[in-house]
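What follows draws every value from the coordinates through simple rules; no lab data is involved. Computed from a predicted structure; not experimentally measured. Positions of Cβ are backbone-derived with ideal geometry, glycine not excepted, and every protein chain shown enters the neighbour counts.
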Amino acid sequence: MEQPGRIALVTGGSRGLGRNVVLSLARRGIDSIFTYNSAVAQADAMARAVEEIGRRAIPMQLDVGQVDAFDAFVSRFTEALAGLGAARFDYLVNNAGISHHNALEKTTEAELDAIYRINFKGVFFLTQKLLPLLKDGGRIVNLSSGLTRIVVPGSGPYGALKAALEVLTRYQAKELGPRRITVNAVAPGAIQTDFSGGMVRDNPELNRQVADMTALGRAGVPDDIGPMIASLLSDDNRWVNAQRIEVSGGMAI
Ligand code: NAD
């Protein structure tokens with residue numbers, strides 16, 4: 001379904017799942033502003049890829065772990081929206097995130113703080129600061145993980161903080177309901193991206209293990225996720241709210 005005139009903000013949109021979300025939205029007629037952390041060339045290439053689809057995608061630098069930079073980002077974002085002829089935006093996809101692998105017994109305070117800052121605190125405050133610019137009736141999607149349900153040793157801190165994001169999702173849905181804003185968490189299974197050093201994609205043994213524990217018999221690819229999120233944001237799914245939706249091909253069922 002084409003939904004022209006709508007605008008999304010996708011964090012971490014220059015590669016992996018975020019990139020796929022921006023491309024999938026563009027195919028549905030939706031322009032995006034997307035953030036990248038440091039990969040300028042990759043972000044510019046991404047903007048050109050969206051232009052080839054006939055839509056616009058504007059890259060903006062943002063470290064989602066640096067909350068004190070958010071006010072300046074919101075000002076720049078407001079200008080970018082104006083460049084697209086809009087004062088407000090429709091969809092927020094909190095996608096940017098990092099992985100972490102360590103046993104509970106060995107995880108350091110610095111490691112825990114780093115994932116908290118990027119995977120939870122950044123999502124919390126970026127969303128808070130963007131709320132005045134999000135349209136009433138808008139949508140928020142938070143990227144969670146299959147690891148909130150599937151217990152894999154070494155993924156405790158990551159899984160627990162993604163679980164916190166799922167609870168935040170429900171509170172956001174409740175508190176933003178009066179503005180008709182829906183908020184859902186999408187929890188991908190193991191997907192072949194650069195995530196975790198690209199291990200699901202590049203480690204054949206791990207890739208086979210994931211395939212073996214997945215009902216559909218393979219590890220996921222970005223095209224399994226981006227179109228699903230674009231579809232979740234469409235009007236067809238307007239009554240889906242406050243949900244954790246796992247998109248894993250049936251992993252560990
Ligand atoms: P990826 O590593 O390819 O991409 C992560 C994105 O986040 C990149 O664009 C990166 O620049 C951005 N990012 C990381 N730290 C940042 C920071 N401090 N500031 C700004 N941007 C930052 O991984 P991906 O697979 O595309 O992951 C996207 C999301 O999906 C993450 O939230 C991840 O936790 C989640 N997820 C991934 C998988 C998987 O198997 N790939 C599974 C479940 C959930």
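Do we find a residue being within 19 Å of Ile30 (Cβ to Cβ) and either within 9 Å of the ligand (Cβ to nearest atom) or in contact with a Phe, Trp or Tyr (Cβ under 6 Å, 6 or more places away or on another chain) (or both) anywhere in the range 208-219? Checked the range 208-219: no residue is within 19 Å of Ile30 (Cβ to Cβ) and either within 9 Å of the ligand (Cβ to nearest atom) or in contact with a Phe, Trp or Tyr (Cβ under 6 Å, 6 or more places away or on another chain) (or both).
The one condition from (1) within 10 Å of the ligand (Cβ to nearest atom); (2) surrounded by fewer than 20 Cβ atoms within 10 Å (Cβ to Cβ) that Gly146 does not meet is (2). Run Leu147 past the list (1) over 22 Å from Asp223 (Cα atoms); (2) in contact with a helix residue (DSSP H, G or I) (Cβ under 9 Å, 6 or more places away or on another chain) and report the number of the one that doesn't hold. Here Leu147 meets the rest and fails (1).
Among the residues of the range 149-164, the one identified as without any contact (Cβ under 8 Å) to a residue 40 or more places away in the chain, under 20 Å from Ala110 (Cα atoms) and within 12 Å of the ligand (Cβ to nearest atom) is Gly159.
Within the range 58-74, can you find the residues that are within 16 Å of the chain's Cα centre (by Cα) and more than 9 Å from the ligand (Cβ to nearest atom)? Selection gives Pro59, Met60. Being touching a residue at least 24 places away in the same chain (Cβ under 8 Å), out of contact with any Ser or Thr (no Cβ under 6 Å at 6 or more places or on another chain) and under 19 Å from Val123 (Cα atoms), is that true of even one residue in the range 208-227? No, the range 208-227 contains no residue that is touching a residue at least 24 places away in the same chain (Cβ under 8 Å), out of contact with any Ser or Thr (no Cβ under 6 Å at 6 or more places or on another chain) and under 19 Å from Val123 (Cα atoms). Of everything in the range 126-136 that is touching a Phe, Trp or Tyr at 6+ places or on another chain (Cβ under 9 Å) and surrounded by fewer than 16 Cβ atoms within 10 Å (Cβ to Cβ), the residue that is farthest from Ala173 (Cα to Cα) is Lys129. Within the range 218-227, no residue satisfies the criterion of being among the charged types (D, E, K, R), surrounded by 19 or more Cβ atoms within 10 Å (Cβ to Cβ) and not in a helix (DSSP H, G or I). Scan the range 243-253 for residues that are at negative phi and assigned to a loop (DSSP other than H, G, I, E, B) and the total you get is 3. The condition of being under 26 Å from Tyr116 (Cα atoms) and of a type outside the set (D, E, K, R) holds for Ala190. If you filter the range 228-242 down to residues that are touching a residue at least 60 places away in the same chain (Cβ under 8 Å) and assigned to a loop (DSSP other than H, G, I, E, B), you find that the one that is nearest to the chain's Cα centre (by Cα) is Leu233. Within the range 70-101, being surrounded by 15 or more Cβ atoms within 10 Å (Cβ to Cβ), out of contact with any helix residue (DSSP H, G or I) (no Cβ under 6 Å at 6 or more places or on another chain) and either small (Gly, Ala, Ser) or farther than 21 Å from Ile140 by Cβ (or both) holds for Ala80, Ala86, Ala96, His101.
Taking into account only those residues within the range 126-143 that are part of a helix (DSSP H, G or I) and away from the ligand (no atom under 13 Å from the Cβ), which is nearest to the chain's Cα centre (by Cα)? Here the residue is Thr127. Restricting attention to the range 102-115, the residues that are surrounded by 15 or more Cβ atoms within 10 Å (Cβ to Cβ) and away from the ligand (no atom under 16 Å from the Cβ) add up to 1.
Can you pull out every residue in the range 29-42 that is buried (at least 19 other Cβ atoms within 10 Å of the Cβ) and under 14 Å from Arg56 (Cβ atoms)? Residues satisfying the conditions are Ile30, Asp31, Ser32, Ile33, Phe34.
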